[in-house]
Amino acid sequence: MKKFVSVLLSLILIFSSCTVFASASGKLDKKDISDLPLIIVPGFSSSSLTETETGEMVWGLNMDLILERVLNDIVEIGVGLGALTVGNAKIIATTLAGGINVFMEKMRCNPDGTSTYELERTVSTAEEVNNANLMITHPNGDHRQEQDMAREFAEYIGDENIYNFTCDFRMGSEACAKQLDELIQDVKKHSGKDKVNLLAVSHGGQVTATYLTLYGWKNDVDNAVLTIPAIGGAGIAYDAMTNNIVFDEECLIRFVEHGTRTEEDYNWLVKAQQLGFVDLIFKELIPQVLRLVCYWGSLWDFIPTDKYEATKKQLLDPEKSAALIEKSDRFHYEILPKVGEKLTECIENGMNISIIAGTGNRIVTGLNENSDGIITTNASTGATCAPYGERFADGYIQKNPCGGKDKVSPAMDIDASTAYLPDNTWFVNGLFHGMTYWDNYTRTLMMTLLFTDNITDVYSDENYPQFKDTTNPSSSVYAQFKGCQPGILGKSDTLVVTNCCWENDVRLSAVYCDGIDLDFKVNPFVKLAPGESIELEFDGDIPEISGKPVNITVCYLTATITPVGYRTQSFKLDNGKAVENAGGYVSAQAGSPLDDLIFVDAFDSVLKSLGLKELLSMFYSILYYWINVII
């Protein structure tokens with residue numbers, strides 16, 4: 001059963017561009033809303049493509065065709081699954097590759113990056129992609145992007161003011177940016193307005209950043225919000241193109257928990273389990289389908305710059321792919337280095353450009369970098385990041401002064417001073433890719449940035465600080481010290497713990513601190529309803545120093561299938577003289593009372609390999625807390 005669930009989670013990830021959003025609380029004041037048209041610039045593969053000669057739609061998820069193909073291959077799939085049980089993934093990979101090759105043949109590109117078949121966008125003009133018109137011409141929802149999100153947008157500006165950008169997403173970001181510029185000009189004529197607002201998601205963030213870099217001088221945009229943007233590439237594309245996929249099951253499950261907003265905690269149950277059988281399938285599958293996607297310019301623009309040359313050398317013939325290489329070189333070495341400068345110029349010319357990025361997760365396919373699960377935080381923002389699982393040493397000094405503003409994250413793993421937009425980028429620890437709308441905090445932030453001029457930078461509103469932890473309901477609880485900014489520990493006498501759940505009550509069972517000695521007073525009989533908070537007093541002194549992180553772990557009980565859970569958040573001390581910079585990186589792993597009992601590293605490694613360390617730590621921490629209370 002576990003393997004079936006794991007495969008299902010993998011498929012959800014693969015088709016993650018087909019995102020469905022659910023509503024959350026929080027409304028904007030309509031008197032602040034701009035009446036400008038909105039263009040949604042969606043994630044990768046969201047546009048449908050049609051063969052010019054036949055009019056046949058060649059891209060667009062058709063479940064009937066997929067089901068038909070599965071039924072046709074059912075015998076081979078059965079044989080392949082049988083072989084997989086003894087470690088032979090080649091049979092099922094070959095069967096899957098055959099289906100993919102047939103399904104995607106018309107999407108193939110030549111080694112020079114041109115399309116093998118002549119394709120065009122199914123819809124492209126402002127009139128065709130207008131939401132109100134699409135509701136008439138395609139009532140089944142085709143061609144409308146981020147539909148549940150757009151439904152709420154329509155409450156403010158109406159469907160007649162919402163447009164859906166389409167592009168041939170196989171081509172590089174520069175070609176897509178040109179198509180975006182063309183649509184903007186068309187939307188201005190169609191709407192009668194002289195400016196537009198842009199909401200850019202994932203690949204749409206890379207396209208929009210490229211558009212603003214090349215065409216921002218036209219000053220056609222008022223507000224542009226780039227959420228979880230792939231500006232500098234996508235780590236998952238690198239893993240796939242180089243066939244280095246090693247799925248992290250625990251990260252995948254957390255990804256799905258956040259996406260579905262489930263309030264059960266399954267991830268710590270499978271902390272050490274890996275999708276080895278899925279890894280085997282992909283190892284065999286990728287070489288067989290690479291010929292279909294290897295020459296997509298967009299995938300080459302997704303390769304992070306520090307890995308680009310090696311990947312290019314591995315996969316591209318310098319003569320046959322000379323034209324493709326020329327275009328992708330231009331993106332990596334001419335366009336991307338200018339993004340920060342050009343976005344800053346846009347802001348200086350009166351535009352509001354904002355970035356919302358996720359941090360604190362590794363890439364689900366194995367790349368060990370700080371990310372939102374799909375895109376590295378560095379690629380999304382330009383910020384300097386410690387490797388996943390590590391942080392900057394105590395007393396770290398940010399690379400750029402930024403007028404004396406603190407640009408180091410509470411977890412001390414992000415240095416925003418090097419970001420494309422140091423004062424216009426919001427970092428949300430624990431936010432997964434594509435889930436901005438499922439977190440009450442990021443959802444309201446995105447809406448406010450998109451439709452109003454109330455926030456111009458990270459200092460405009462104390463309710464929207466530059467760094468914050470996710471409040472997705474699957475996180476269950478959220479902690480913040482009273483009187484301090486989120487993630488900061490200064491002068492305070494209580495810890496405020498909030499129930500992030502949308503449905504379930506929580507009861508706190510223990511709170512402990514790693515880094516300094518603070519003893520929190522917990523009443524396990526107090527029930528917190530969804531959205532309700534409680535202030536916890538604590539004993540102990542907060543050191544009069546700054547630049548050192550501490551970790552607070554809140555253990556809790558809920559009436560769910562997994563009734564016991566915990567959440568750890570990092571807080572940076574800001575209570576006096578800065579500690580001396582130790583230099584380098586150190587482990588970001590939070591300690592627990594159980595660590596004091598484990599004297600042998602080998603035993604610790606065994607617990608981790610068996611997936612028992614998290615479980616034992618949680619239960620022992622609760623027991624340890626109450627033994628100390630009783631004593």
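The values are calculated or read from the model by the stated rules, or taken from the named source; none is laboratory data. Computed from a predicted model, the values in this text were never measured in an experiment. Counting neighbours? That spans all protein chains shown, and the Cβs are built from the backbone with ideal geometry, glycine included.
The one condition from (1) charged (D, E, K, R); (2) in a loop (DSSP other than H, G, I, E, B); (3) surrounded by 17 or more Cβ atoms within 10 Å (Cβ to Cβ) that residue 194 does not meet is (3). If you go through segment 537-555 and pick out every residue that is of a type in the set (Gly, Ala, Ser), surrounded by fewer than 22 Cβ atoms within 10 Å (Cβ to Cβ) and in a strand (DSSP E or B), you end up with 1.
The set of residues in segment 454-485 being closer than 23 Å to residue 413 by Cβ and hydroxyl-bearing (Ser, Thr, Tyr) consists of 459, 464, 470, 471, 474, 475, 476, 478.
Among all residues of segment 509-520, there is at least one that is touching a residue at least 24 places away in the same chain (Cβ under 8 Å), part of a strand (DSSP E or B), in contact with a strand residue (DSSP E or B) (Cβ under 7 Å, 6 or more places away or on another chain) and within 17 Å of residue 563 (Cβ to Cβ).
Considering only residues in segment 395-440 that are touching a Pro at 6+ places or on another chain (Cβ under 9 Å) and at pLDDT below 95, the one that is surrounded by the most Cβ atoms within 10 Å (Cβ to Cβ) turns out to be 439.
Within segment 472-507, which residues are surrounded by 23 or more Cβ atoms within 10 Å (Cβ to Cβ), touching an Asp or Glu at 6+ places or on another chain (Cβ under 6 Å) and assigned to a loop (DSSP other than H, G, I, E, B)? Scanning segment 472-507 gives 472, 501. Scanning segment 19-68 for residues that are among the polar types (S, T, N, Q), at pLDDT 60 or above and either farther than 15 Å from residue 122 by Cα or more than 26 Å from the chain's Cα centre (by Cα) (or both) yields 34, 50, 52, 54. On inspection, residue 260 fails the criterion of being surrounded by 20 or more Cβ atoms within 10 Å (Cβ to Cβ) and either closer than 26 Å to residue 146 by Cβ or at pLDDT 80 or above (or both). When segment 521-534 is examined, which residues are found to be in contact (Cβ under 8 Å) with a residue 24 or more places away in the chain and part of a strand (DSSP E or B)? Listed by number, the residues that qualify are 528, 533, 534. Of all positions in segment 107-125, at least one carries a residue that is at positive phi, crowded, with 20+ Cβ neighbours inside 10 Å and not hydrophobic (A, V, I, L, M, F, W, C).
Can you find a residue that is in a helix (DSSP H, G or I) and either touching a residue at least 60 places away in the same chain (Cβ under 8 Å) or over 22 Å from residue 550 (Cα atoms) (or both) anywhere in segment 419-427? There is no residue in segment 419-427 that is in a helix (DSSP H, G or I) and either touching a residue at least 60 places away in the same chain (Cβ under 8 Å) or over 22 Å from residue 550 (Cα atoms) (or both).
Within segment 556-579, residues that are within 17 Å of residue 254 (Cβ to Cβ) reach partners that are among the charged types (D, E, K, R) and assigned to a strand (DSSP E or B) with beta carbons closer than 6 Å, at six or more positions or on different chains, in the pairs 569/469.
Residue by residue, here is whether (1) of a type in the set (D, E, K, R); (2) modelled with pLDDT of 70 or more; (3) at negative phi holds:
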site: 541; (1), (2), (3): yes, yes, yes
site: 562; (1), (2), (3): no, yes, yes
site: 567; (1), (2), (3): yes, yes, yes
site: 570; (1), (2), (3): no, yes, yes
site: 573; (1), (2), (3): no, yes, yes
site: 579; (1), (2), (3): no, yes, yes
site: 602; (1), (2), (3): no, no, yes
site: 608; (1), (2), (3): yes, no, yes
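Counting the residues of segment 154-165 that are surrounded by fewer than 22 Cβ atoms within 10 Å (Cβ to Cβ) and under 21 Å from residue 190 (Cβ atoms) gives 6. Just to be sure before I move on: is residue 285 modelled with pLDDT under 90, part of a helix (DSSP H, G or I) and either crowded, with 21+ Cβ neighbours inside 10 Å or among the hydroxyl-bearing types (Ser, Thr, Tyr) (or both) in the structure I sent? So residue 285 fits the description; yes. Taken over segment 365-390, the residue count meeting the criterion of being touching a strand residue (DSSP E or B) at 6+ places or on another chain (Cβ under 6 Å), touching a residue at least 60 places away in the same chain (Cβ under 8 Å) and over 30 Å from residue 38 (Cβ atoms) is 3. Inspection of segment 112-133 identifies no residue that is at pLDDT below 95, within 29 Å of the chain's Cα centre (by Cα) and of a type in the set (Lys, Arg). Looking across segment 197-227, the residues that are part of a helix (DSSP H, G or I) and buried (at least 24 other Cβ atoms within 10 Å of the Cβ) come down to 203, 204, 205, 206, 207, 208, 209, 210, 211, 212, 213.
Looking across segment 443-463, the residues that are closer than 22 Å to residue 258 by Cα and buried (at least 20 other Cβ atoms within 10 Å of the Cβ) come down to 443, 445, 446, 447. Looking across 183, 214, 198, one residue alone is within 25 Å of the chain's Cα centre (by Cα), over 15 Å from residue 45 (Cα atoms) and aliphatic (A, V, I, L, M). It is 198.
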